[in-house]
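Here is the structure we will look at, set down as structure tokens.
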Amino acid sequence: MDMGRQSALCLAFSVVIIALFAMAYAVSGITLRQRFWISAVPLFILENICMALLHNWLPDAPRLTHLDSVQLSAVHNRLVFDGLAVVISVVLGYTGLVVVSIAESRRRLRLELDKAVLDTELAAAREIQRLMVPEELPPTPGYAIESIYRPAAQVGGDFFQVIPLGGRQTLVVIGDVSGKGLSAAMIVSMLIGMLHTISRISQDPAQILAELNCRLFERKHGGFVTCLAVRLDPSGRVVLANAGHLPPWLNGVEIAFAGSLPLSLLASSAPEQVTLELSQDDRLTLITDGVVEARDAQGALFGFDRTQALMNQETSPLVLAESAIHHGQDDDLTVISILRTA
């Protein structure tokens, strides 16, 4: 456009400045995407300032009015040089565009493949957890059991099981694996398999938790598990063993338990065991910490007071869980209600 009046040094600097700003536009566009205009406008202003300073430092040669043969040859050579420079710049620009497009396509394909793999793993974990968390509870002589389970993510770390034992007894287990997501779900599936195996050997809740602790500690999965095991006898006798879990509630009053460590922290552990005698219409409620630790937008916890108030109203597990979820679910939550019916 300057008909060869721009100095070669000015032309070189112009190409460098334009290339640098082109890369800046590309990077900001990839990074900000729909909000690219936030950086595009300042970059455009800065580019024009740089070009103006460059032309002020290296001004164009004066316009020629008459050309002799030597000057005409020089102008011709310069126009050829400028034309070649433009062609090279265009080729390099399109080459850069192709390289960036290929790299971005590969990156997106890699992300989509990773997402597909993750979705497949999550679907498998959800299916495993669906099979492991009972949808229909087995009949329990002398009791009516209700349950509700709500994971915070697609898969969770809470678990519970209702396992029929010999002599018309029933084992109810509720627990919480540290962590969330896929790894916690895998630990849950392993725990439930262990529970069913151990319950065939022993019917004592404390011994069941102790054996479960030994097996978990041997695997050293890097976390811990809180667990509460309850054995229901048809006579109304209830035996409870607790390993670091929230104590159960009897008729809206928390049952006192001495401190006990969660599973998988020590090689040997002796969970505390308590025996109760339930009368007709007595209600035993088991919860995980996702209920009391539900948090609203202001950071206020759902807390034990709200939980106890709802239990005193003989609220069903569904109502208690939905109240905590409506307050602001922050973790997996599980509620189990055991009502003595005879």
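The values are calculated or read from the model by the stated rules, or taken from the named source; none is laboratory data. In this text, all values refer to a predicted model and were calculated from it rather than measured experimentally. Neighbour counts are summed over all protein chains in view; Cβ atoms, including those assigned to glycine, are modelled from backbone coordinates with ideal geometry. With ligands, DNA and RNA removed, areas are computed over all heavy atoms of the protein, side chains included. Shrake-Rupley method; radii C 1.70, N 1.55, O 1.52, S 1.80 Å.
Is at least one residue of region 189-207 touching an Asp or Glu at 6+ places or on another chain (Cβ under 7 Å) and of a type in the set (D, E)?
no
Filter region 257-284 down to residues that are over 33 Å from the mean Cα position of the chain (by Cα) and open to solvent by 50 Å² or more (accessible area, probe 1.4 Å), then give me how many there are.
Number of matching residues: 9.
Can you tell me which condition P234 does not meet? The list is (1) assigned to a loop (DSSP other than H, G, I, E, B); (2) out of contact with any helix residue (DSSP H, G or I) (no Cβ under 8 Å at 6 or more places or on another chain); (3) at pLDDT 90 or above, and all the others hold.
With (1) assigned to a loop (DSSP other than H, G, I, E, B); (2) out of contact with any helix residue (DSSP H, G or I) (no Cβ under 8 Å at 6 or more places or on another chain); (3) at pLDDT 90 or above applied to P234, the lone miss is (2).
For the list (1) open to solvent by less than 70 Å² (accessible area, probe 1.4 Å); (2) closer than 27 Å to V15 by Cβ; (3) modelled with pLDDT of 85 or more, I need the number of the one condition that V91 fails.
With (1) open to solvent by less than 70 Å² (accessible area, probe 1.4 Å); (2) closer than 27 Å to V15 by Cβ; (3) modelled with pLDDT of 85 or more applied to V91, the lone miss is (1).
Determine which member of the set L46, L67, L53, L58 is over 23 Å from T95 (Cβ atoms) and modelled with pLDDT under 85.
Numbers: L46 fails: modelled with pLDDT under 85; L53 fails: modelled with pLDDT under 85; L58 fails: modelled with pLDDT under 85.
Result of the check over L46, L67, L53, L58: L67.
If L67 satisfies all but one of (1) open to solvent by 80 Å² or more (accessible area, probe 1.4 Å); (2) assigned to a helix (DSSP H, G or I); (3) farther than 30 Å from R107 by Cα, what's the number of the condition it fails?
(2) is the only condition that L67 fails.
All but one of (1) without any contact (Cβ under 8 Å) to a residue 24 or more places away in the chain; (2) assigned to a helix (DSSP H, G or I); (3) open to solvent by less than 30 Å² (accessible area, probe 1.4 Å) hold for E322; state the number of the condition that does not hold.
Status for E322: all satisfied but (3).
Starting from region 247-274, take each residue that is in contact (Cβ under 8 Å) with a residue 40 or more places away in the chain and on the phi < 0 side of the Ramachandran plot and list its partners that are open to solvent by less than 30 Å² (accessible area, probe 1.4 Å) and assigned to a loop (DSSP other than H, G, I, E, B), counting only C-beta distances under 6 angstrom and pairs at least six apart or across chains.
Note: pairs meeting the criteria are E254/P247.
Of the residues V162, V173, V239, only one is in contact (Cβ under 8 Å) with a residue 40 or more places away in the chain and touching a strand residue (DSSP E or B) at 6+ places or on another chain (Cβ under 6 Å); which? Talk me through it step by step, then tell me what you get.
Values: V162 fails: in contact (Cβ under 8 Å) with a residue 40 or more places away in the chain; V239 fails: in contact (Cβ under 8 Å) with a residue 40 or more places away in the chain.
The unique qualifying residue is V173.
Can you list residue pairs whose Cβ atoms sit under 6 Å apart, with the first residue in region 191-219 being within 20 Å of V238 (Cα to Cα) and the second being part of a loop (DSSP other than H, G, I, E, B)? Count only pairs 6 or more apart in sequence or on different chains.
Q203/L165; A206/P271; I208/S202; L209/P271
Looking at this structure, is S264 modelled with pLDDT under 85, under 30 Å from R215 (Cα atoms) and touching a Leu at 6+ places or on another chain (Cβ under 9 Å)?
Numbers: modelled with pLDDT under 85: no; under 30 Å from R215 (Cα atoms): yes; touching a Leu at 6+ places or on another chain (Cβ under 9 Å): yes.
Taking the combined requirement at face value, the residue does not satisfy it.
Return the total of residues in region 29-51 being open to solvent by 60 Å² or more (accessible area, probe 1.4 Å) and either touching a Gly at 6+ places or on another chain (Cβ under 8 Å) or not charged (D, E, K, R) (or both). Steps first, please.
Taking region 29-51 as the starting set, the residues that turn out to be open to solvent by 60 Å² or more (accessible area, probe 1.4 Å) are 30-38, 41-42, 44-46, 48-49.
Those still in the list that are either touching a Gly at 6+ places or on another chain (Cβ under 8 Å) or not charged (D, E, K, R) (or both) too: 30-32, 34, 36-38, 41-42, 44-46, 48-49.
Total satisfying the criteria: 14.
Name the residues in region 162-180 that are more than 11 Å from C227 (Cα to Cα) and open to solvent by less than 20 Å² (accessible area, probe 1.4 Å), would you?
Scanning region 162-180 gives V162, I163, T170, L171.
Which residue pairs have Cβ atoms closer than 6 Å, lie 6 or more positions apart in sequence or on different chains, and pair a first residue in region 289-317 that is in contact (Cβ under 8 Å) with a residue 60 or more places away in the chain and within 21 Å of L228 (Cβ to Cβ) with a second residue that is open to solvent by 20 Å² or more (accessible area, probe 1.4 Å) and among the charged types (D, E, K, R)?
Short answer, once both residue conditions are applied: G290/D331; P317/E146.
Only one of I17, I45, I30 is free of Cβ contacts under 8 Å to residues at least 24 places away in the same chain and part of a helix (DSSP H, G or I); which?
None of the others qualify; the one that does is I45.
Conditions: (1) modelled with pLDDT of 90 or more; (2) more than 25 Å from A19 (Cβ to Cβ); (3) open to solvent by less than 80 Å² (accessible area, probe 1.4 Å); (4) of a type outside the set (S, T, Y). V75 meets all but one. Number of the miss?
(1)
Listed residues L79, L84; which is without any contact (Cβ under 8 Å) to a residue 40 or more places away in the chain and under 17 Å from L11 (Cβ atoms)?
That would be L84, the only listed residue that is without any contact (Cβ under 8 Å) to a residue 40 or more places away in the chain and under 17 Å from L11 (Cβ atoms).
L111 fails exactly one of the following numbered conditions: (1) over 30 Å from Q6 (Cβ atoms); (2) at pLDDT 90 or above; (3) surrounded by 12 or more Cβ atoms within 10 Å (Cβ to Cβ). What is the number of that condition?
(3)
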